[in-house]
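Heads up: the structure comes next, in structure tokens.
What follows draws every value from the coordinates through simple rules; no lab data is involved. What you see is a predicted model, and the numbers here were worked out from it, not measured in a lab. Heads up, the Cβs are rebuilt from the backbone with ideal geometry, glycines too, and the neighbour counts pull from every protein chain shown.
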Amino acid sequence: MNPFTYRYPGRFIVIGKDADAFVILYGATGRSPASLARRYVQEGNAIYAVGFDDTVKKEGNPELLEYPAIKFVEHGILVANGRQIEKIATLTTRDARQQLSYGLSEEAYEPDEYRTPRITGCLVEGARGMDGALHIVRSVTNGIDRSSWSVPFETGKGLYIGTYIGEDVRPTPSFSGNPIPVALSYGSAAKAARALSEGLAPQSGETDYRVGFVAVYKKLGEAPEIAIVNRIDL
């Protein structure tokens, strides 16, 4: 099944390459009123998940619902589904996977009823080109699994990880196994963000779980192209 059409993926990250641009895609869905009462906004060198009214503060946990989802830093870009992104203050030009593994070596899954995984990714730009990696922290029967993967950049391809397996069931099973290969052929950040939103649009009579979607397209040596699509703005 195409993960871009899952019924309820929770939050997800894709890192890959579309034509000559290196890509980060970030998406979020929610079921609770507090989770749905959010949007993604760019402020300075970061894109934040923020509440658009007081529902998050009254009915949710701001520690889990409001956070910098994407940070633009020297040498690269970070993306995450929570405040673990702040554990990695900077990026160097060394191995992307090692940096995520080291920075998140003591991180745990989220302290909610589903033990929601923490997912993180990065692009690192150096003299030898672009390096990318994905990282997940999830609950397993014998404790905590911290896994990471390097992203092999191939034109038109990306790797996907999420918090859940995509089924709208309770309790909601965590994402398992390795990253899922996905096709990347949108051509621009704007088209990618719109496509993510449209792919998760509800069928007639279904609940709209969409929160927001962010696409970042980064060519070597150039400023990133950024697009955001929020359900509240549709």
*Cross-link partners among lysines for LYS58, C-alpha distance below 17 Å, same-chain residues fewer than 8 apart left out?*
none
*Dipole of region 1-147 (Lys/Arg Cβ +1, Asp/Glu Cβ -1, origin at the Cα centre): which of PRO111, VAL124, ILE88 lies farthest to the positive side?*
PRO111
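Between VAL140 and VAL41, what length in nm is gained on full extension when 0.36 nm per residue of separation is reduced by their alpha carbon distance?
32.3 nm
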*Among the lysines, which have Cα under 25 Å from the Cα of LYS157 when same-chain residues fewer than 8 positions away are ignored?*
LYS17, LYS71, LYS191, LYS218, LYS219
_For the chain, convex hull of alpha carbons as volume per residue, Å³_ = 120
*Starting from the Cα of GLU167, step 7 Å along the direction of its Cβ; do the same at ARG128; then give the gap between the two resulting points in nm.*
4.2
*Counting pairs of alpha carbon atoms under 8 Å apart in space and at least six apart in sequence, what relative contact order in percent does the chain give?*
26
*Point-charge dipole on Cβ atoms (K/R +1, D/E -1) for the chain, about Cα centre, debye to 20*: 220
*GluC sites (Glu not before Pro) restricted to DSSP loop in region 1-107 with at most 11 other C-beta within 10 Å*: GLU74, GLU106
